[in-house]
Amino acid sequence: MNEHEERLIAAFVLKDIRERYRFLLSAGDMRRRGQCCNRLNHCRDFDERFVTWLPRDPRSTMRKFEIAKLLCSKGCRADVYVFGSADSVDGKTLPLLEAMTDIEAAGFGALLSCVPGKLAYYYDELGERRAILERE
């Protein structure tokens, strides 16, 4: 578990579930990591006080760009850390739009750490639900 993952868990995961996440990520066991990342596909583990669910608009082709602009206005860094269910993107640090494109292409749940412990973007499996997670 790295700084991004630790701070994501501490800031946005419900208190009762944090230790489970830490256990699954701390061992360096890829099977356990997979179990943890799989929870992101239909995640109900976030502290709702820090979640802003984004409205669905399946007709919008500009959605990704609108969300990226919103994240940047909130202080998102140029590069983000990807914590996600798809091995092709999990654990990578990528430019924001590239990360968003890659998680959409993979189609699995993911969290983008935009500012460690302060700002993140959640993408549910197949983009069913999307959210901005934010703490002061």
Among Asp102, Asp90, rank each residue by its count of other Cβ atoms within 10 Å, from fewest to most, as a rough exposure measure.
-> Asp102, Asp90
Mean separation of Cα pairs under 8 Å and 6+ residues apart, divided by the residue count of the stretch 3-134: what relative contact order is that in percent?
-> 28
Which one of Asp124, Asp57, Asp45 has the biggest mean-square fluctuation once the chain is modelled by GNM with Cα springs under 10 Å?
-> Asp57
Top mean-square fluctuation among Leu24, Leu54, Leu111, Gaussian network model of the chain, C-alpha springs under 10 Å?
-> Leu54
Please work out which option in (1) 15.7, 53; (2) 13.6, 42; (3) 15.4, 50 gives Rg and Dmax of the Cα atoms in Å calculated from these coordinates, and answer with its label.
-> (2)
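Can you give the net charge of the other residues whose Cβ lies under 13 Å from the Cβ of Leu71, counting K and R as +1 and D and E as -1?
Values: positive: Arg63, Lys64, Lys69, Lys74, Arg77, Lys118, Arg130; negative: Glu66, Asp79, Glu134.
Result for the local shell: +4.
Using 0.36 nm times the number of residues separating Ala10 and Leu70, minus their current alpha carbon distance, what extension gain do you get? Working shown, then result.
Details: separation 60, 0.36 × 60 = 21.60 nm, distance 2.32 nm.
Full extension from Ala10 to Leu70 adds 19.3 nm.
When the helix-only estimate is applied to the chain (DSSP H runs of n ≥ 4, each -39,500 (n - 2.57), divided by the residue count), what is the mean residue ellipticity at 222 nm, nearest 500 deg cm²/dmol?
Values: 5 runs with 53 residues, N = 136.
Computed mean residue ellipticity for the chain: -11500 deg cm²/dmol.
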Count the lysine pairs in the chain that are 8 or more places apart or on different chains: how many have C-alpha atoms under 24 angstrom apart?
-> 9
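Please arrange Met100, Met1, Met30 by counting, for each residue, the other beta carbons lying within 10 Å of its beta carbon, fewest first. Each step should come with its number before you reach the end.
Details: Met100 24, Met1 18, Met30 11.
By the 10 Å Cβ count, ascending, the order reads Met30, Met1, Met100.
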Once you put a point 7 Å from the Cα of Asp47 and another 7 Å from the Cα of Arg31, both along the Cβ direction, what distance in nm separates them?
-> 3.3
With labels modelled as points extended 7 Å from the Cα through the Cβ direction, what inter-label distance (nm, one decimal) is found for Ser88 paired with Arg56?
-> 2.4
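Read-outs: derived from the displayed coordinates by stated rules, not from any lab. In this text the structure is predicted, and so the values were computed from the model without any measurement. Positions of Cβ are backbone-derived with ideal geometry, glycine not excepted, and every protein chain shown enters the neighbour counts.
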